[in-house]
Amino acid sequence: KAGVTQTPRYLIKTRGQQVTLSCSPISGHRSVSWYQQTPGQGLQFLFEYFSETQRNKGNFPGRFSGRQFSNSRSEMNVSTLELGDSALYLCASSPGNTGELFFGEGSRLTVL
Amino acid sequence: GQQVMQIPQYQHVQEGEDFTTYCNSSTTLSNIQWYKQRPGGHPVFLIQLVKSGEVKKQKRLTFQFGEAKKNSSLHITATQTTDVGTYFCAGQRAGSYQLTFGKGTKLSVIP
């Protein structure tokens with residue numbers, strides 16, 4: 001079974017730009033969660049989707065948004081990038097409501 | 001909002017010594033999970049604890065869930081260099097689909 005796939009793996013943007021990150025979950029998994037990982041703050045929850053519905057949202061500004069498609073693939077978007085948005089963005093999928101998360105390798109974003 | 005505190009932040013041990021990391025939640029949890037992230041890698045699931053007072057073992061790793069379901073610990077016996085990485089606990093409240101992670105304990109093992 002293929003794992004969680006995230007694209008792109010690395011990207012560099014400048015302040016004010018916007019970025020879209022993509023996540024393909026494990027086949028059959030309907031829940032997709034996004035986390036931001038930085039050295040100082042650890043893993044911070046962004047949002048979680050299940051069957052195209054956002055069920056939970058973390059404490060991030062409105063510049064951070066996401067969506068899930070009918071095939072369970074998910075995207076997250078960050079608009080008007082700031083230097084502090086530089087981080088590893090991790091996507092994780094799971095079959096349902098509880099249980100282990102399967103993480104992708106992450107998308108490392110650098111904002112200059 | 002829910003907070004999950006984890007200590008210590010860093011731990012350096014000599015190979016063969018034991019290691020313990022502790023996790024405390026500000027709210028009662030329905031379950032707690034533990035993950036390991038190797039340097040340069042992504043978090044990998046280790047275990048999930050659901051019952052009050054539950055203790056689970058995986059070879060040299062022992063996981064405990066507190067009676068009040070607000071705290072947990074991970075103990076590694078006789079550490080090896082392969083244990084190097086950051087260990088995260090993550091708690092989920094009843095009725096919530098959000099898994100809140102602690103900031104992790106970074107383990108270094110000196111050969």
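Listed values, structure above:
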read-out: Test: residue in the range A:59-82 that is closer than 26 Å to B:Ile7 by Cβ and among the polar types (S, T, N, Q); value: yes
read-out: Hits in the range A:16-39 - residues which are of a type outside the set (A, V, I, L, M, F, W, C), in a loop (DSSP other than H, G, I, E, B) and in contact with a strand residue (DSSP E or B) (Cβ under 6 Å, 6 or more places away or on another chain); value: A:Pro25, A:His29, A:Arg30
read-out: Hits in the range A:66-101 - residues which are among the aliphatic types (A, V, I, L, M) and either surrounded by fewer than 16 Cβ atoms within 10 Å (Cβ to Cβ) or not in a loop (DSSP other than H, G, I, E, B) (or both); value: A:Met76, A:Val78, A:Leu83, A:Ala87, A:Leu88, A:Leu90, A:Ala92
read-out: Failed item in (1) more than 9 Å from chain B (Cβ to nearest Cβ); (2) under 20 Å from A:Lys13 (Cα atoms), with A:Glu52 passing the rest; value: (2)
read-out: Pair list, Cβ < 9 Å and 6+ apart or interchain, from the range B:35-56 residues that are within 8 Å of chain A (Cβ to nearest Cβ) and under 19 Å from A:Ser94 (Cβ atoms) to residues that are charged (D, E, K, R) and not in a loop (DSSP other than H, G, I, E, B); value: B:Pro43/B:Lys36; B:Val44/B:Lys36; B:Phe45/B:Lys36; B:Gln48/B:Lys56
read-out: Criterion violated by A:Trp34 - all others in (1) touching a Ser or Thr at 6+ places or on another chain (Cβ under 9 Å); (2) at pLDDT below 95 satisfied; value: (2)
read-out: Qualifying residue in the range B:9-30 (condition: without any contact (Cβ under 8 Å) to a residue 60 or more places away in the chain, over 22 Å from A:Leu43 (Cα atoms) and crowded, with 17+ Cβ neighbours inside 10 Å); value: no
read-out: Count - residues of the range B:85-111 that are at pLDDT below 95 and either out of contact with any strand residue (DSSP E or B) (no Cβ under 6 Å at 6 or more places or on another chain) or at positive phi (or both); value: 5
read-out: Unmet requirement for A:Glu100, which otherwise passes all of (1) modelled with pLDDT of 95 or more; (2) under 20 Å from B:Arg38 (Cβ atoms); (3) out of contact with any Ser or Thr (no Cβ under 6 Å at 6 or more places or on another chain); value: (1)
read-out: Residue ranges of strands (runs of 3 or more DSSP E) in chain B with at least 2 members in contact with a Cys (Cβ under 9 Å, 6 or more places away or on another chain); value: B:4-7, B:19-25, B:31-37, B:71-76, B:85-92
read-out: Every residue from the range A:6-45 that is charged (D, E, K, R) and more than 18 Å from A:Ala92 (Cβ to Cβ); value: A:Lys13, A:Arg15
read-out: Residue, surrounded by the fewest Cβ atoms within 10 Å (Cβ to Cβ), within the range A:102-112, restricted to residues that are part of a strand (DSSP E or B) and within 9 Å of chain B (Cβ to nearest Cβ); value: A:Phe102
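Okay, residues lined up against (1) over 12 Å from the mean Cα position of the chain (by Cα); (2) polar (S, T, N, Q):
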position: B:Gln2; (1), (2): yes, yes
position: B:Gln6; (1), (2): no, yes
position: B:Gln11; (1), (2): yes, yes
position: B:Gln14; (1), (2): yes, yes
position: B:Glu17; (1), (2): yes, no
position: B:Asn31; (1), (2): yes, yes
position: B:Lys36; (1), (2): no, no
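The values are calculated or read from the model by the stated rules, or taken from the named source; none is laboratory data. These figures come from a predicted structure and were not determined experimentally. For neighbour counting, all protein chains shown are included, and Cβ atoms are generated from backbone atoms with ideal geometry for every residue, glycine included.
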